[in-house]
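Here's the structure, in structure tokens; my notes come after.
The values are calculated or read from the model by the stated rules, or taken from the named source; none is laboratory data. No experiment lies behind these values; they were computed from the predicted model shown. Every residue, glycine as well, gets a Cβ built from its backbone with ideal geometry; the counts of neighbours run over all protein chains shown. For the accessible areas, the whole protein counts, side chains as well, though only heavy atoms, and no ligand, DNA or RNA atoms are used. Shrake-Rupley method; radii C 1.70, N 1.55, O 1.52, S 1.80 Å.
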Amino acid sequence: QVQLVESGGGLVQAGNSLRLSCTASGRIFSNYAMGWFRQAPGKVREFVGGVSWNGGVTIYTDSVKGRFTISRDNAKNTAYLQMNNLRPEDTAVYYCARNRGAGPSDIAGNYDYWGQGTQVTVSS
């Protein structure tokens, strides 16, 4: 069994930054890609970004490119989402998830374990 716990969410003003963390326990973390998704009220869950098993490949949805950065520290079983220049439209619950394979993917069905989510609210 794998448990994923997100932290680092909160309320910030537009233009500011937050860093989310996702710490994994249970089965081997370093063999798998990780992803971040978000869900705003009344909207479907959407892909934010993903990182390969070794951190060498990252992918992002267009709306966050140049503002968000995903990284991981396999020694700490932790993935990160650094969010800069936040906008009100980034307000959502953010979820981390473990991919079934080693490469990142923007398809939710390719992820088999999910965290409980952390709220990010960006005020204008």
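Okay, residues lined up against (1) surrounded by 15 or more Cβ atoms within 10 Å (Cβ to Cβ); (2) under 13 Å from the mean Cα position of the chain (by Cα); (3) free of Cβ contacts under 8 Å to residues at least 12 places away in the same chain:
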{"residue": "6", "(1), (2), (3)": "yes, yes, no"}
{"residue": "9", "(1), (2), (3)": "yes, yes, no"}
{"residue": "24", "(1), (2), (3)": "yes, yes, no"}
{"residue": "27", "(1), (2), (3)": "no, no, no"}
{"residue": "35", "(1), (2), (3)": "yes, yes, no"}
{"residue": "50", "(1), (2), (3)": "yes, yes, no"}
{"residue": "74", "(1), (2), (3)": "yes, no, no"}
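Out of 121, 69, one residue alone is assigned to a strand (DSSP E or B) and open to solvent by 60 Å² or more (accessible area, probe 1.4 Å). It is 69.
Residues are listed down the side, and each one gets a yes or a no for (1) of a type in the set (A, V, I, L, M, F, W, C); (2) modelled with pLDDT under 95; (3) under 16 Å from residue 115 (Cα atoms):
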{"residue": "17", "(1), (2), (3)": "no, no, no"}
{"residue": "21", "(1), (2), (3)": "no, no, yes"}
{"residue": "25", "(1), (2), (3)": "no, yes, yes"}
{"residue": "45", "(1), (2), (3)": "no, no, yes"}
{"residue": "50", "(1), (2), (3)": "no, no, yes"}
{"residue": "56", "(1), (2), (3)": "no, no, no"}
{"residue": "80", "(1), (2), (3)": "no, no, yes"}
{"residue": "104", "(1), (2), (3)": "no, no, no"}
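No other residue among 2, 48 is touching a strand residue (DSSP E or B) at 6+ places or on another chain (Cβ under 7 Å) and closer than 21 Å to residue 121 by Cβ apart from 48.
Based on this model, can you work out whether residue 66 counts as on the phi > 0 side of the Ramachandran plot and either within 14 Å of the chain's Cα centre (by Cα) or touching a residue at least 24 places away in the same chain (Cβ under 8 Å) (or both)? Taking the combined requirement at face value, the residue does not satisfy it. Looking across segment 52-66, just one residue is in a loop (DSSP other than H, G, I, E, B), open to solvent by 50 Å² or more (accessible area, probe 1.4 Å) and among the polar types (S, T, N, Q), and that is 54.
Taken together, the residues in segment 89-109 that are open to solvent by 10 Å² or more (accessible area, probe 1.4 Å) and among the acidic types (Asp, Glu) amount to 2.
Candidates in segment 1-15 are the residues that are at pLDDT 95 or above and outside any strand (DSSP E or B); of these, the one that is farthest from residue 87 (Cα to Cα) is 8. Here residue 18 meets each of (1) hydrophobic (A, V, I, L, M, F, W, C); (2) open to solvent by 20 Å² or more (accessible area, probe 1.4 Å); (3) within 11 Å of the chain's Cα centre (by Cα) with one exception, condition (3). Annotation: residue 112 fulfils all but one of (1) open to solvent by 10 Å² or more (accessible area, probe 1.4 Å); (2) in a strand (DSSP E or B); (3) over 17 Å from residue 2 (Cβ atoms); the unmet one is (3). Checked against the criteria, residue 86 counts as closer than 28 Å to residue 123 by Cβ, modelled with pLDDT of 95 or more and surrounded by 14 or more Cβ atoms within 10 Å (Cβ to Cβ).
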